[in-house]
Structure formats: structure tokens, C-alpha cells
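Step one of this worksheet: look at the structure below.
The values are calculated or read from the model by the stated rules, or taken from the named source; none is laboratory data. Because the structure is a prediction, the values reported are computed rather than measured. Every residue, glycine among them, receives a Cβ derived from its backbone with ideal geometry; neighbour counts consider all protein chains shown. What goes into the accessible areas is simple: the full protein's heavy atoms, side chains included, and nothing from ligands, DNA or RNA. Shrake-Rupley method; radii C 1.70, N 1.55, O 1.52, S 1.80 Å.
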Amino acid sequence: MDFLHSTSMISQIQVICWLLAGLLSFYFSVGNARVWTSISMGFFLIFVSQMYLLAPWADYPQLEAIHYIIGTVSIMVMTHGFLEYYVFSRTMEVGGSKPVVYFSILGIIAGSVVFVLINPTPTYVILRHIKMIENSTWVFLCIVNIELIRKIYLQIKGSAMANGFIAFGIVFLFIFLWKGADLYLQVYGWDSDWQVFLTNVGVPTTAEAFRMRVGFSRAVSDFAGILSGLSAGGSFIYLYRLLR
């Protein structure tokens, strides 16, 4: 019980860190060029995807499912944004407008909400599957984004903005560790929620036999989540100063 309480506290600290990063990224989106819109909105959606953890209605399964889906949307929007910036760094051209990005994101989220609401209320196992899809998408696309950031850095190396993309690379490294460790625990059934579920139904687990690696993975997930939020917020502050 003590472990579950400490995990809850760490989760709340993660959400607060991402709240600050999300507000900074949204403000950055409003006040800067179109090419930054998808990137900054993707970071803002990370906070939205975790916001339910601070809410008194966090136990509603449909709401939880929607937030996991928003988490998946966030990394997809962000990846599209870095791909756009890479094209911009090579051609100095960018298409579309900010309202198109905002309304597209709202449309995707609205469609996700409808999808969840017209289907049966998700059980705990279904929610776990949705969260595993979110974590898998994050782990894969973090690698893609780190590679995109490397290519962008090579294009703009020598400019003041180059250091800002190094900072983003560090952010994605922390996110990769955060989501990757969480996914590792889920794949082997060692995540704390699943352990509680198996205990309640009387099914033995292998977590005790691998206590050290389970504890290490949980620690990596917890603290990399906090560091990713802090580094994301710091990156946007740094970029804001550069662009001003």
C-alpha cells in the first residue's frame, strides 16, 4: 500500500511538471511561427493526456481511455511537427496555417471521444491494452524524432537555434526512458496496477523473482517522467529567449 501511495505521489509530480511544460509550449505555439505549432501543441497534449490523474473523476474508464488516446495523438502530432521543421530547414517553406493545425487536432480528439463513447465501456484489461499501444507508439516515435532532430541539427548547425534542438533531443531521451521502462513492465506483467489485479484474482506473478529489475525499471519510469517534463519546459524557455 505504501508503494502504491508513493507511486501516486510521483505520478502527481510528473503531471505538475508537464502542466508547466504544457503551458509554456502552448504559449510558445501562440506567439511564434507556424512551423512551431505542431511541435508545441504535441508537447501541450502530453499534459492533457495525464491531466485526469489530478481529477476527482479519474476512475471513469471511458475518460481514462480518452486520455491514453490523447497521449498517442500527442506524439504523432509532435512527430509531424519535427518532420515539418526538417523540411523547412532544407527548403525554407512551410504550408498551412495555425488554425488548420488547431482544428485538425481538435477534430482528431473529437473523433477519438466519439469512438470511445459508442463502444462498450472499457474494462481494466482493455484500458491496459490501450495504454500499451500508447507506450509502444511513444517508444518507436521517440527514436524517429531523435533521428529527425539529428538531421535538423546538421542542417542548422552553427546557428543559435541548434542548441535548442539538442535540448529537444535530451527531452526525447528522457521520454524514451520513461515510456520504454513503463512498456517493459507492462510486457512482462510487472507494472504495479497489473500486480494488484493479479493478486485480487489469486494469480501468481514473477515480479518477486525479479525484484531488482522491477524496482529499477519503476524508478527509471518515475524519474525519467519527471525529468522529461522539466527538460521540456526548460527547452521552451530557452527557445523563447532565442526567438525574442
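Table for the structure above
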read-out: Neighbours by Cβ (under 8 Å, 6+ apart or cross-chain): first from the stretch 75-95, within 25 Å of Lys179 (Cα to Cα); second part of a loop (DSSP other than H, G, I, E, B); value: Glu84/Val94
read-out: Test: residue in the stretch 123-130 that is within 24 Å of Ile39 (Cβ to Cβ) and surrounded by 14 or more Cβ atoms within 10 Å (Cβ to Cβ); value: no
read-out: Members of the stretch 20-33 that are open to solvent by 10 Å² or more (accessible area, probe 1.4 Å) and touching a Gly at 6+ places or on another chain (Cβ under 7 Å); value: Leu20, Leu24
read-out: Breaking point among (1) open to solvent by 20 Å² or more (accessible area, probe 1.4 Å); (2) closer than 26 Å to Val30 by Cβ; (3) touching a helix residue (DSSP H, G or I) at 6+ places or on another chain (Cβ under 9 Å), for Arg150; value: (2)
read-out: Residue count, the stretch 27-46 (criterion: in contact with a Ser or Thr (Cβ under 8 Å, 6 or more places away or on another chain) and farther than 13 Å from Met78 by Cα); value: 3
read-out: Of all residues making up the stretch 37-51, the number that are open to solvent by 10 Å² or more (accessible area, probe 1.4 Å) and closer than 15 Å to Gly81 by Cα; value: 2
read-out: Close pairs from the stretch 221-235: first open to solvent by 30 Å² or more (accessible area, probe 1.4 Å), partner at pLDDT below 90 and among the hydrophobic types (A, V, I, L, M, F, W, C), Cβ under 7 Å, at least 6 apart; value: Leu230/Cys17
read-out: Test: residue in the stretch 188-200 that is in a helix (DSSP H, G or I), closer than 17 Å to Ile75 by Cα and of a type in the set (A, V, I, L, M); value: no
read-out: Hey, Val214 of a type in the set (A, V, I, L, M, F, W, C), over 21 Å from the mean Cα position of the chain (by Cα), more than 24 Å from Met78 (Cβ to Cβ) and surrounded by fewer than 19 Cβ atoms within 10 Å (Cβ to Cβ) or not; value: no
read-out: Matching residues in the stretch 91-112 - criterion: being modelled with pLDDT under 85 and closer than 21 Å to Leu148 by Cα; value: Thr91, Met92, Glu93, Val94, Gly95, Gly96
read-out: Residue match in the stretch 113-120 (condition: surrounded by 15 or more Cβ atoms within 10 Å (Cβ to Cβ), at negative phi and either part of a helix (DSSP H, G or I) or at pLDDT 95 or above (or both)); value: yes
read-out: Lone qualifier among Leu185, Leu173 - being in a helix (DSSP H, G or I) and more than 18 Å from Ala232 (Cβ to Cβ); value: Leu185
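To keep it simple, each residue is scored yes or no on (1) without any contact (Cβ under 8 Å) to a residue 12 or more places away in the chain; (2) under 18 Å from the mean Cα position of the chain (by Cα).
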site	(1), (2)
Ile126	no, no
Lys157	yes, no
Asn163	no, no
Tyr184	no, yes
Tyr188	no, no
